[in-house]
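Each remark here refers to the structure printed beneath this line.
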Amino acid sequence: MAAFLIRRLLQGIVVVALAATIVFVLIHAAPGDPFSDSLDKPEISESIRASWREAYGLDRPISEQYFRYVSSVFRGELGFSFSRQRPVADVLGDALPSTLLLMGTGLLGGFVLGIAVAVVQVRRRGKAADRVLGMTSLALFSVPDFWLALLMLVAFTYWIPIFPSGGAIDPVLHESMSAFARIGDRLEHLFLPAVTLALLYFPVIARHQRAALMETIPLEYINTARAKGVPESRVISRHALRNALLPIITLLGVAFPALVTGAVFIETVFSWPGMGLMIVDSIRSRDYPLLMAGVLAGSILVVTGSIVADVLYRRFDPRIRDGV
């Protein structure tokens, strides 16, 4: 296991380095720079803009900028945000916990809902409930992320105004609330984007879990449990489901990339102050250091999810664990 982890960590480092390098080259090769917006301000002369580029090293060749950036990352320095006038590490430190909270809640909700829907479909296989849930899952799977987010926002903040329209907290009243009220305020703001993220991902879980259960049900040990008089609900939930969870572990690995990209749309629509919104803002303002920090953090999250899924698969699949 130790050798496997070391090998996967090395592969993960290579993936993160490649992703960061590609993004670095693309954003620096694009026309303009972080100070291009100042062209619309006649009071800012070209000499001032040139001095800004020199101060931040943007007048150097791209290869030199790249090696300077890599060396600063190895020293633990992520640079200074042009748009927010703060160290990038501080901006990322504020945004990352919010994204992890949203992603974790959405991931948990998606898995719980997906597995529950799959169990209901298998218990009612061939009946109306199975068909309705299947069509619902397919419809949600086909809906674009941003469209569903906008629909949820309009439906539950305008048509039925029961949730806040955006943000992570009430910017006016949060600090004056009691500790218990602050938790409630944060949960109230978290509910709608987290449910939207869960709805976007649960159809994948449900469809894979249903297929895995349908493959498990005809096996001999399931028929033996039925012959002993075990109720069908218990046969599925206690016996079949336990041995049909391996595909879910695989989906856990691919869920992280989907959640990272989904979080960009969700956070933008709901103004959730996380990494997704930070990346969008950094692209708009061409804030190179902030965008690179977001790419690095997102790549690390994706690689971590893949490694966790591989470790769990080796732990729970006896064929891999025993080297079969």
Asp170: acidic (Asp, Glu), surrounded by fewer than 18 Cβ atoms within 10 Å (Cβ to Cβ) and either farther than 30 Å from Arg123 by Cα or in the same structural domain as Ala244 (by TED's automatic domain parsing) (or both), yes or no?
yes
Would you mind finding the one in Glu215, Glu175, Glu220 that is loosely packed, with under 11 Cβ neighbours inside 10 Å, in the same structural domain as Ile266 (by TED's automatic domain parsing) and closer than 30 Å to Arg315 by Cα?
Glu220
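For Gly93, indicate whether it is surrounded by 14 or more Cβ atoms within 10 Å (Cβ to Cβ) and in the same structural domain as Leu246 (by TED's automatic domain parsing).
Here the answer is no, as Gly93 does not meet what is asked.
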Selected residue (criterion: surrounded by the most Cβ atoms within 10 Å (Cβ to Cβ)) from residues of segment 137-159 that are more than 24 Å from Val117 (Cβ to Cβ) and of a type in the set (Val, Ile, Thr):
Thr157
Candidate set: segment 271-285, residues that are touching a residue at least 40 places away in the same chain (Cβ under 8 Å) and within 15 Å of the chain's Cα centre (by Cα); chosen: the one surrounded by the fewest Cβ atoms within 10 Å (Cβ to Cβ)
Pro273
So Trp52 ticks every box in (1) surrounded by 15 or more Cβ atoms within 10 Å (Cβ to Cβ); (2) at pLDDT below 80; (3) within 25 Å of Leu277 (Cα to Cα) but one. Which box is left unticked?
(3)
Could you tell me whether Gly134 is within 25 Å of the chain's Cα centre (by Cα) and outside any helix (DSSP H, G or I)?
no
I need the full set of residues from segment 176-205 which are out of contact with any Leu (no Cβ under 9 Å at 6 or more places or on another chain) and closer than 17 Å to Pro164 by Cα, in order please.
Met177, Arg182, Ile183, Gly184, Leu187, Glu188, His189, Phe191, Val195
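Residue under question is Asp185, and the condition is that it be touching a helix residue (DSSP H, G or I) at 6+ places or on another chain (Cβ under 7 Å), among the acidic types (Asp, Glu), touching a residue at least 24 places away in the same chain (Cβ under 8 Å) and assigned by TED's automatic domain parsing to the domain that holds Gly110; does it hold?
Answer is no for this residue.
The values are calculated or read from the model by the stated rules, or taken from the named source; none is laboratory data. Keep in mind that this is a model prediction, so the values were computed, not measured. Don't worry about glycine lacking a Cβ; one is built from the backbone with ideal geometry, like all the others, and counts go over all protein chains shown.
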